[in-house]
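Since every read-out is calculated from the coordinates, none of them should be taken as a lab result. Predicted model only: the values in this text are computed from it and were never measured. Cβ sites come from the backbone with ideal geometry, for glycine too, and all protein chains shown count toward neighbours.
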Amino acid sequence: MTNAHLKMDGLAKSYGSFIAVEEFSLDIAQGEFIAIMGPSGCGKTTTLRMLAGLETADRGQITLAGNRIDQLPVWERETPMVWQSLALFPFMTVRENVEFGLKMRGISGPERKRRVDDWLERLGISTYAERNVARLSGGQRQRVALARSLVLKPKVLLLDEPLSALDAHMAIKMQGELKTLQRELGITFVYVTHSHSEAFSLADRVVIMNGGRVEQIGSPQDIFLRPRSKFVAQFVGGISLLEGKVRGKEDGNRFLETRDGKVRLANCTGLSQGETVDLAIRADRISVTVTPGWGENEIACTLISEEFAGAVVNLHLETTSGHSLVAQVQQRELDQLDARTGARVYASWHPDDGFVLEEARQTRGAPKVRAA
Ligand code: ADP
Ligand code: MG
């Protein structure tokens, strides 16, 4: 992205010998909604803190609208942060909390009042203006935390798991409000969350982090449908992996030789003969039958367990060679299937529905330019 609004280039942060963020680079467009996800301890908060100026990066640069900001103190950056814990001042009223940052920046009394009133109104908390924040509900406190940041007219709003303190119902409501607000204001959001549904429904792009590094950046669809590494596939969930060797071509499809037999793969551009790859198949694309001969890419399995997941049931299967597969079926299909735990079943999927993980190929040293 050449005209990045917010640009992070090679950010790194260690605490003593411990590397919290090894390398973080990302270009964000004006008004983009970015969600950062990853397991606990992978460096999400540290990354946000470097953006906010609460932590100095050991290496790397941050540019906002063309200006270096990584050496600026917190109060000179236009990147306030909304915390997981909200971090409101407990002995202050709603108004005092929202006003605080403006006071620190030396904004005059009348201007301060106008801006605070405006945001209290917009977030529907005017009624509580003079109330102590300790006497608010979770949702109301969340709005105060947002107002406190937004009143500063930020260029970028940083949010660290902002809805995790709310109950599920309130979190969903606030999620919708946040998205509307972000669209209306056109402010860039960098949003850390552990919730897949929040990240996938809110963000324009999702960043998956692992052990202080970026594993994948892409649209929610990219990440969900085309994870590039085993880590992302497992993190997103519901994806089965089978190792296979690339064999001959037929009708534009490739054959993969797995330990459980040959399977066909339609998405095979750039694969080379003899290469070992990881084949990935989404659980909702795998069909299960009790008799063979019903589908393509059929693999004999044992039904290990059934996991009830609301509208659908996850069937955990084991192939003859001991690989695990997960198939997601409708409850109705399971009733028709009529198979008990331990039964022999057949998993199958369309050749269009299998895809090869990119990362595994790179680490195995697949050639950069490959003949089709
Ligand atoms: P996340 O937000 O992804 O859960 P953090 O960015 O908070 O992860 O932390 C990344 C790693 O850095 C963690 O292992 C954490 O324990 C460590 N860490 C964070 N802050 C400090 C600190 N001030 N001193 C030492 N280690 C820290
Ligand atoms: Mg964190």
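Below are the figures for this structure:
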quantity	calculated
Helical contribution to [θ] at 222 nm, DSSP H n ≥ 4, -39,500 (n - 2.57), averaged over the chain, rounded to 500	-7500 deg cm²/dmol
Under the Karplus curve 6.51 cos²θ - 1.76 cosθ + 1.60, θ = phi - 60°, whole-Hz ³J(HN,Hα) for the stretch 21-31, x wherever Gly or Pro sits	10, 8, 6, 10, 10, 6, 9, 10, 7, 4, x
Local net charge near Phe89, Cβ-Cβ under 14 Å (Lys/Arg +1, Asp/Glu -1)	+4
Calculated from backbone phi, Karplus (6.51, -1.76, 1.60) coupling profile of the stretch 236-246 in Hz, x at Gly/Pro	5, x, x, 10, 9, 10, 9, 8, x, 9, 6
For Gln216, distant residues with modelled amide H under 5 Å away	Ile208
Cβ-placed point charges (K, R +1; D, E -1), dipole of the chain about Cα centre in debye, nearest 20	1000 debye
Under the Debye formula (equal points on every Cα, no solvent term), log10 I(q)/I(0) of the chain at q = 0.11, 0.12, 0.14 Å⁻¹	-0.87, -0.96, -1.13
In order through the stretch 155-160: 3J(HN,Hα) via Karplus (6.51 cos²θ - 1.76 cosθ + 1.60), integer Hz, x for Gly, Pro	7, 9, 9, 9, 10, 9
Selection from His194, Thr47, Gly60 lying farthest towards where the dipole of the chain points positive, charges on Cβ	Gly60
Relative contact order for the chain, counting Cα pairs under 8 Å that sit 6 or more residues apart, in percent	15 percent
Base-10 log of normalised Debye intensity for the stretch 230-362 (one unit scatterer per alpha-carbon) at q = 0.09, 0.13, 0.21 Å⁻¹	-0.25, -0.52, -1.25
Unit charges at the beta carbon, dipole of the chain: most positive-side option, Val98, Ala203, Val312	Val98
Residue among Arg340, Arg213, Arg285 with the largest mean-square fluctuation in a Gaussian network model of the chain, springs linking Cα atoms under 10 Å	Arg340
Expected-Rg normalisation [2.2 N^0.38 Å, Cα atoms] applied to the stretch 6-225	1.00
Long-range HN-HN contacts of Asp58 with modeled amide H, under 5 Å	Ala12, Lys13, Ser14
Computed FRET value (nearest 0.05) for Glu307 with Ala266, which takes r as the C-beta separation and R₀ as 30 Å	0.55
The stretch 45-61 and the stretch 289-308: distance between their alpha carbon centers, rounded to Å	49 Å
